[in-house]
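Here, each number is a calculation from the coordinates, and none is a lab measurement. Note that this is a predicted model, so its numbers are computed, not measured. Positions of Cβ are generated from backbone atoms using ideal geometry, with glycine treated the same way; all protein chains shown enter the neighbour counts.
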Amino acid sequence: MTSIATAAWRWAAGMAAAAILGSASAAPYPERAITWIVPFAVGGPTDAIARTVAQRVATELGQSIIVENVPGAGGTLGAMRAARAQADGYTLFVGHIGTMAAAPYLFKSLKYDPLRDFTPVFRFPDTPMVLLVKQDARYNSAADLLAEARKHPEKLTFGTAGVGSSSHLAAEHLAATAQVKFTFVPYKGTGPAMTDLMGGQIDAMLDQTNVSLPQVQGGRLKALALTSQSEMSLFPGVPTLAGGELPGFLASTWYGIYAPTGTPQPAIDALRDAYMKALADPSFTDGLRQNGIDVLPAAQTGPDALRDFTASEQQKWQRVIRDAGIAPQ
Ligand code: ASP
C-alpha cells in the first residue's frame, strides 16, 4: 500500500475511531496501558528522558505508560514501527531532531514521512550536549582535541547512535564547523557508546547532559566543553564551544511525542493536557533542570508549536547536511 493510501486509510480509520470515542458510550481515554516507542537502546539519554516524562504523564492520566525500546538505524527503525502502528492513541513515538527532522535528508528511501505519517502531540524539554572523553584522556580542552583532529584527519573515533542520531548530527556539525574529520563509530544508542568511551575503545563523543552528568560527576568521563549558549552550574569550569573554540556553535537534542496520523483528537488532547499539568508542577520541572535539561515554556510545547518547529528544523538540517556534504545513504 503506498504511503498516500496508508495515510488516507489511517485518516478514515481515525475518523471512525474518533466517532466511537466521541460518542457518549465511548470509554474515556485512556482505558488501558499506553506504549511509547523509544528508538534507541536502554540507558541512553532518549530512554532516560522518555521514562521520566512517561512516569509523570502516566500519573496525570491515571494509566500506565510502557516504554518500548526499538533501536537501530539512527532511530528510524523505531520510527517506522510507530508510523505503522494502530492510530488509536495507544502507541506513540518519542521522536527527535534526527528521526523527525534530519532523517529525510540522510536516507534515500526513508519508509515514513515525519509530518505526513505522524501528528505532533507535545514537545519535550531540550537537552544540551557535552563533548566527552574518558577521564584519563590526554585532552584537557576542546582545543586539544581539535588540534589532534587537524593534525591527523579521521584518526579520532567518535561514538554515535547511528546515522542521523543527535550524537551523529552534532558531531558532523562540529567537524564541519571546526573543519576537521572524525571517524564515526555507530551504536544502537549512546548508552552503549558511553560504555566504550569509558573503556577507551573510542576517543570521544557528544552526548546529552542528562546522561553525561553522573559520569562526569563520578569521575568516569571528562567534559571538555558544552554545546549550550551559556555555561551550566552543573558542569563547573566547563566552557561552552560557542564562548571559546567555535563562536556561535550550538547543538542540543530536542524531542517530541508524535502519534500515528489518524489518532483520535480526544487522545491527543488528553496526552497534551497531562503533560501541561506536569509542566505546572515545580517538583517535576526542578527535577529535569537538576539533570541539565532545558524546560521549555508551555507556549513552545503544544501540537501546533511542535508541528511548526519540526518543519523549521527539517529546513535547517536539510541545509546543514547539504553544506556538510553528507550524502544520503
Ligand atoms: N539521543 C541519542 C542520539 O540521538 C541516542 C540515545 O538516546 O541513545 O544520539
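Scalar couplings 3J(HN,Hα) for the range 237-250, obtained by applying the Karplus form with A = 6.51, B = -1.76, C = 1.60 to θ = phi - 60°, are x, 8, x, 8, 5, 5, x, x, 3, 10, x, x, 6, 9 Hz; x denotes Gly and Pro.
Please compute the contact order of the chain in relative form: average sequence separation of alpha-carbon pairs under 8 Å and at least six residues apart, divided by the residue count, as a percent.
Dividing the mean separation by the residue count of the chain yields 27 percent.
Nearest 10 degrees is fine. How inclined is helix 265-279 to the longest principal axis of the chain, computing both from alpha carbons? Orientation of helix 265-279: about 50 degrees from the principal axis. Principal-axis analysis of the Cα atoms of the chain puts helix 45-61 at an angle of about 30° to the longest axis.
When the chain is described by a simple charge dipole with +1 on each Lys and Arg Cβ and -1 on each Asp and Glu Cβ, the residue from 107, 216, 255 located farthest towards its positive end is 107. Taking Cα centre as origin and charging only the Cβ of basic (Lys, Arg, +1) and acidic (Asp, Glu, -1) residues, the dipole magnitude of the range 245-329 rounds to 200 debye. Report summary: the helix-based calculation at 222 nm, which adds -39500 (n - 2.57) for every DSSP H run with n ≥ 4 and divides by the residues of the chain, gives -13000 deg cm²/dmol.
Using Cβ point charges alone (K and R +1, D and E -1), the dipole size of the range 172-290 about the Cα centre works out to roughly 140 debye. Less than 5 angstrom separates the built amide H of residue 255 from those of 124, all sequence-distant by 5 or more or on a different chain.
Between beta-carbons, use under 14 Å as the cut-off and find the net charge around residue 122, counting Lys and Arg +1, Asp and Glu -1. List each step's numbers first, then the result.
Details: positive: 56, 123, 272, 277, 307; negative: 60, 126, 269, 273, 304, 308.
Taking every other residue near residue 122 into account, the sum is -1.
Selection among 37, 238, 149 by position relative to the dipole of the chain gives 149 as farthest towards the positive end (Cβ unit charges, Cα centre).
Take every Cα pair under 8 Å whose residues are at least 6 apart in sequence, average their separation, divide by the length of the range 172-252, and the relative contact order is 21 percent.
As a ratio to 2.2 N^0.38 Å, the alpha-carbon radius of gyration for the chain is 1.00.
Among 90, 255, a tally of other beta-carbon atoms within 10 Å of each Cβ gives an order, fewest to most, of 90, 255. Classification of the range 30-149 by its C-alpha gyration tensor yields an oblate form. The axis ratio a/c (a ≥ b ≥ c) is 1.5 or more, and b/c is at least a/b. Shape verdict for the range 119-169, please, from the Cα gyration tensor: rounded (a/c under 1.5), prolate (a/b greater than b/c) or oblate. In terms of gyration-tensor shape, prolate. Basic side chains Lys and Arg get +1 at the Cβ, acidic Asp and Glu get -1 at the Cβ, and with that the dipole of the chain about its Cα centre reaches some 600 debye.
Taking θ as phi - 60° and the Karplus parameters 6.51, -1.76 and 1.60, the scalar couplings of the range 187-202 work out to 10, 7, x, 7, x, x, 5, 5, 4, 5, 5, 5, x, x, 6, 10 Hz in sequence order, x denoting glycine and proline.
Between the amide H of residue 36 and those of 66, 67, 68, 92, distances stay under 5 Å, these residues lying 5 or more places away or on another chain, with hydrogens modeled in the peptide plane.
Using C-alpha pairs below 8 Å separated by at least 6 residues, the relative contact order for the range 32-105 is 41 percent.
Count the net charge of all other residues whose Cβ sits under 12 Å from the Cβ of residue 292, scoring Lys and Arg as +1 and Asp and Glu as -1.
Numbers: positive: 289; negative: 126, 207, 231, 294.
Charge balance in the 12 Å sphere: -3.
Counting beta carbons within 10 Å around each of 249, 93 and listing the fewest first gives the order 249, 93. If a/c stays under 1.5 just call it rounded; otherwise compare a/b with b/c (prolate if a/b is bigger, oblate if not). Do that for the range 235-298, with a ≥ b ≥ c from the square roots of the Cα gyration tensor eigenvalues. Oblate, because a/c is 1.5 or more while a/b does not exceed b/c.
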